[in-house]
Every structure is written in C-alpha cells, then in structure tokens.
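Taking it in order: structure first as structure tokens, then the write-up.
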Amino acid sequence: MLNLYTCKDEQNCPDVLHEYEAQLQTESIPLIIDNGSYHCRVGWATKLHPYLNFKNVIAKNRGNRKEKDWDIQVANEIADLETVRWLLRTPYDFNVVVNYSVQETLLDYAFKHLGISTDGCINHPLVLTEAIANPSYCRKQMSELLFESYCIPKLAYGIDCLFSNGYNMPEFDLPEVGLIVSSGFQSTHVLPVFGKKADIKNCCRINLGGYNCSAYMQRLLQFKHPQLVSELTLSRMDEVVHGLCHVAPNYQEEITKCCDIGFKDKHATTLQFSSSTTPSNIKTGNILGGPLKLEKKLKQAEHKLYELECVIELEQESTEAAEKVAADAGCSSIKELKEKTELMRDNIQAIRRDLDEQYRLDKVATGTVKCGIEKCQAPEIIFQPSLVGYNQSGLSECIEMLLENYSKEVQELMAKNIFITGGNTKIDGFRERVVKDMIQIRPYQSEIIVRQAADPSLDAWRGAAKWALSQHCNWMERKDFEECGWEYLKEHNFSNMHVATKSTT
C-alpha cells in the first residue's frame with residue numbers, strides 16, 4: 001500500500017475588516033496581542049477567540065524607483081510567501097523584537113483590521129506577550145512605541161507560556177511548583193515555576209525551534225533530491241513537519257530499523273507536490289540545468305537594466321554627464337539609451353516567461369519525493385542539537401541540569417507537574433518523548449506527570465485574555481514610565497523580572 005501525502009500549498013486569505021462595535025467603543029475592554037515570532041494573534045479580551053491570526057512578516061519591495069516609494073504587503077495580504085521570500089521582513093531577531101519600524105507596520109495592520117476608528121489613539125488597555133528574559137532595552141523601545149505612537153492608556157507585559165499554563169489550570173493561576181517546556185518558532189525554553197512565579201534565573205534556552213525543524217527537513221530532502229530544489233520550499237517543509245513528522249521515542253532504534261530495506265520501504269511516505277504524469281513531448285533530462293541558466297541570464301539582464309536606469313536618472317541632474325555615460329554604454333544619444341532600456345525591459349519579461357514555463361514543465365515532470373527516516377530526523381534536533389551543528393544541550397539534558405538546581409523534594413514536585421506548550425510541541429510524539437526521557441532521568445519508580453496544553457498555539461492568547469479581565473492584572477500607565485523610566489516593568493506572576501539597566505557615567 002502506497003503511503004501518500006499531498007501538500008496542500010494553502011495560500012493566505014486576506015483578513016476581513018471587523019466592525020468596531022458600539023459596546024467596544026464605550027467600554028475600556030482590553031486588547032490582547034500574542035506577539036509571536038511566527039504568528040501574531042490579536043483580539044478583544046471578552047471574546048473566545050482572537051479576531052486576527054496572521055504571520056508576523058511584511059514584504060517590502062521598491063515600487064517606483066524615480067519617486068523612491070515602496071510597495072509594502074503586510075501579513076495575510078501576502079498570498080504566497082515563497083514568491084516574495086527574499087523580500088520578507090520580520091520584527092524579530094530570533095525571538096526578540098528588534099525592528100520597530102516593521103513592528104509598527106504590523107500594529108497598524110492589526111488595529112485597522114479590528115476596525116478601531118478613533119483618531120490618533122487606541123483607547124483600550126493592552127496586554128502584550130514577550131520573550132522569556134526579554135532585554136530591558138527592547139521592552140523600552142516597545143513601550144515608547146505603544147505610548148507615543150498609539151497613546152494607549154494602560155499596558156501590561158506577560159510571558160506567553162505562563163499565560164498558557166495558567167489557562168490550563170482548574171483555576172486560573174500558576175502552580176506552586178512546576179516545570180514548563182515551551183517550544184516555539186525560533187527557540188525552546190525550560191522554565192521552572194517556584195512559589196507561583198517563574199524562576200527566570202534558572203531558565204534554560206535552546207536556540208532551536210519550529211523554523212529550524214523545517215529548514216533541516218528542507219536540507220535533508222534537497223540533498224536527497226537535488227533535481228527538486230525549487231519544489232522543496234520552506235512553506236511546504238513547514239506543512240510536512242507538522243503534518244507528517246513525529247518525534248521518535250527512541251531515535252537510535254528508529255535509525256536501526258530504517259537500515260532494513262523492507263522496513264524502510266514499508267514505512268516511507270511519498271510526498272506529492274503536483275501531478276507526476278510526464279507528457280511524452282516533454283524532455284526531463286535537463287530539469288535542474290534549464291532554470292539555473294535562465295536565472296543567471298535574468299540576473300545579468302536585471303543588473304544591466306539597473307545601470308541603464310541610473311544613467312536616465314542622471315540626466316535630471318546633469319545632461320552632459322548623462323550623455324558621456326551613454327556614450328560609454330555604446331549609445332550615441334540619451335534617446336537611443338532610452339530605447340535600449342525599453343528593449344531590455346521587454347527582454348527581461350521574455351526571460352521571466354521562459355523561466356515560469358520551465359518551472360511549470362519541471363513540476364509536471366517531477367512531482368513526488370520519498371520521505372522515510374527524515375520524518376523523525378527533523379524534529380529530533382530539539383533533543384539533539386548536534387545534528388545541525390549546535391554546541392548546545394538537548395531538551396532532556398536541559399531538564400536534567402535544571403532539576404539539579406533544586407532540592408530532592410522540589411525535584412519530585414516538579415517532575416509531577418511538567419507542562420508543555422508552544423506550536424512546535426504539536427508535532428506527534430513530543431509529549432511521549434518527554435515522558436520517556438524523564439523516566440530515564442528520574443530515580444526508579446518516580447512519579448512523573450506531563451501535561452500538554454489543550455491548544456498549544458492559542459492558549460497563550462486565551463490565558464492573557466483571562467488575566468486581563470481578572471482582579472490580578474497589574475497595569476502600567478504612562479505616568480509610571482515618566483516617573484521610573486521607559487525600561488520600567490511592573491511585575492506580576494505571569495511577567496518577566498524587572499532588571500534595571502545600570503546607567504553609564
């Protein structure tokens with residue numbers, strides 16, 4: 001029986017413009033933003049689900065070169081990420097916000113699509129999630145942006161995995177003692193909870209997450225199928241990792257099994273990207289060479305066009321200098337140079353059409369990929385970072401080292417209250433692998449309880465919404481920052497620690 005997995009290649013749908021209801025205008029209902037490095041979720045605290053859920057990226061492309069304007073597509077306005085991947089910009093460096101111009105563009109997009117029509121300000125308290133141990137300087141920049149640009153009345157920061165843990169408790173709160181495993185898009189954290197507060201100082205971080213799993217899967221399959229480099233895109237690999245991959249209970253045993261040809265063939269899955277039927281009039285012998293040659297030709301033509309356009313722009317400043325450069329380019333006049341520029345544009349369009357046709361033929365000619373041991377290799381990097389050259393401890397080793405910082409009594413309590421959350425933990429077998437490794441770490445017959453978030457992706461937003469409506473919320477107002485500085489943080493059970501930056505003299 002053929003195990004077949006067909007990639008859906010789903011495209012983003014533009015977000016609808018929601019109505020700014022009268023009830024929301026009259027009441028100061030909190031806004032909740034779960035600002036993840038992969039997805040951003042935005043909505044009202046009184047609702048069960050966020051109104052918006054979009055990828056936290058923009059595509060910024062130069063529009064009219066003469067007018068020096070930019071063509072910007074934001075979030076779900078980008079139908080297909082692969083067509084503009086080289087233009088993508090994100091507010092994040094790993095899981096920390098550093099690009100605040102992109103962040104402002106994304107916030108504008110979110111507030112616009114929520115339907116907020118108040119002029120020049122957002123008249124709602126705002127809860128914003130941030131990274132574990134977020135640097136004070138980054139928080140300062142974010143606070144300035146929110147208070148100065150949007151004039152919000154109140155602000156609170158919280159850690160996403162803590163909100164998720166609180167939401168999954170019988171009563172909304174953190175446990176007295178526990179251990180949180182959070183694996184997101186860019187990083188994985190092991191965060192101890194002690195005294196109903198996060199023990200940030202003993203937190204462990206691994207610089208690998210869902211993005212790295214997808215990138216590793218892409219590298220493995222591209223190495224195995226070099227003729228299909230253009231087909232094995234990051235978007236497809238992301239779909240494959242979360243739809244097909246699994247975390248092996250015992251990775252070494254899985255590798256050994258796959259050495260058996262019979263087992264390998266039986267458990268391999270065929271990835272299908274397009275029709276695998278090859279028409280008789282299509283030659284498939286030069287699948288990789290054709291597009292590469294055309295891409296090189298296109299790049300050379302675009303570079304030449306750029307040089308010609310620069311000469312035309314120079315004419316506005318100095319006609320004499322432009323004519324001299326035009327002569328160097330083999331043209332007797334500026335008029336002939338402009339005609340040559342138009343011919344170059346037509347040539348580039350023709351090359352692009354040929355390139356698109358070549359890719360279309362390649363897709364028809366080659367449409368399937370065998371995927372075997374790669375299904376457990378990609379997510380294994382969270383437990384063995386050395387597979388991708390990272391000199392870091394794996395997840396289970398981090399848990400073991402972290403537990404050693406506490407007494408035996410506390411270790412037992414933590415082992416009985418492990419909570420896993422984050423989008424990357426939705427991969428099949430993640431929880432089971434943590435349980436198995438914990439059995440090996442802990443003494444014989446130790447009690448181990450590992451819980452998983454009901455919805456690892458959305459529970460952080462829901463927890464933040466529940467906290468914002470509770471009596472435990474601890475808001476910061478503009479006057480607090482004016483008195484204590486923009487790096488100020490009012491702590492609560494779900495927040496980071498406030499670490500004052502030493503002033504230099």
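The values are calculated or read from the model by the stated rules, or taken from the named source; none is laboratory data. Predicted model, so just to flag it, every value in this text is computed and none were measured. Note that each Cβ is placed from the backbone with ideal geometry, even for glycine, and that neighbours are counted across all protein chains shown. Surface accessibility is based on the protein's heavy atoms, side chains included, excluding ligands, DNA and RNA. Shrake-Rupley method; radii C 1.70, N 1.55, O 1.52, S 1.80 Å.
Rg to Rh ratio, the range 332-451, alpha-carbon atoms and Kirkwood radius?
Ratio of gyration radius to Kirkwood radius for the range 332-451: 1.41.
Of all DSSP beta bridges in the chain, what percent run antiparallel (nearest 5)?
Here the antiparallel bridges make up roughly 65 percent for the chain.
Over the chain, with every protein chain in place, what whole percent of the accessible area is carbon and sulfur at 1.4 Å, could you tell me?
Here carbon and sulfur together make up 49 percent of the probe-accessible area.
Scan the range 184-267 for trypsin sites (Lys or Arg not before Pro) in coil per DSSP, keeping those whose Cβ has at most 14 other Cβ atoms within 10 Å, and list them by number.
Counting only loop positions with at most 14 other Cβ atoms within 10 Å, the trypsin sites (Lys or Arg not before Pro) in the range 184-267 are Lys196.
Want the number for Lys224 to Lys408: 0.36 nm per residue separation, take away the alpha-carbon distance, what's left?
61.5 nm
Students sometimes get this wrong: rank Tyr406, Tyr167 by accessible area, probe 1.4 Å, all chains present, largest first.
I get Tyr167, Tyr406, largest accessible area first.
From the P(r) of the range 131-227, can you give the percent of Cα pairs sitting at distances over 16 Å?
68
Which whole-number percentage describes the relative contact order of the chain, with Cα contacts under 8 Å and a sequence gap of 6 or more?
21
With labels modelled as points extended 7 Å from the Cα through the Cβ direction, what inter-label distance (nm, one decimal) is found for Glu144 paired with Lys264?
The two pseudo-label positions are separated by 5.7 nm.
Per residue, what volume in Å³ does the Cα convex hull of the range 1-151 take up?
176
Keeping every protein chain in place, order His472, His498 by accessible area at 1.4 Å, biggest value first, i.e. largest first.
His472, His498
Probe 1.4 Å, all protein chains in place: accessible area of Met401 in Å², nearest 10?
Only protein atoms counted, so the area is about 90 Å².
Put Trp461, Trp475, Trp86 in order of accessible area, largest first, 1.4 Å probe: what do you get?
If we order Trp461, Trp475, Trp86 from most to least accessible, we get Trp86, Trp475, Trp461.
Suppose all protein chains stay in the model; what accessible area per residue would a 1.4 Å probe give for the chain, in Å²?
51
Between Met401 and Lys196, what is the spin-label point distance in nm, taking each point 7 Å from the Cα along the Cα→C-beta axis?
3.2
Given just the C-alpha atoms of the chain, how large is their convex hull per residue in cubic angstrom?
221
Taking only DSSP H segments of four or more residues, each worth -39500 (n - 2.57), what value at 222 nm results for the chain once the sum is divided by all its residues, to the nearest 500 deg cm²/dmol?
When only DSSP H runs of four or more count, the value is -12000 deg cm²/dmol.
At a Förster radius of 51 Å, what calculated FRET efficiency corresponds to the Cβ-Cβ distance of Glu447 and Asn61, to the nearest 0.05?
So, using R0 = 51 Å, E works out to roughly 0.35.
Ranked highest first by the average count of other Cβ atoms within 10 Å around their residues, in what order do 95-103, 481-489 fall?
Taking the mean over residues of other Cβ atoms within 10 Å, the ranking is 95-103, 481-489.
With the cut-off at 28 Å, tell me which of the pairs Lys297/Lys370; Lys264/Lys293; Lys257/Lys426; Lys154/Lys426 have Cα atoms farther apart than that.
The answer is Lys297/Lys370; Lys264/Lys293; Lys154/Lys426.
Full-extension gain between Lys299 and Ala327, please, as 0.36 nm times their residue separation minus the C-alpha to C-alpha distance.
In short, 7.7 nm is gained.
How many nm is it between the label spots at Asp480 and Asp119, if each spot is 7 Å from the Cα in line with the beta carbon?
3.1
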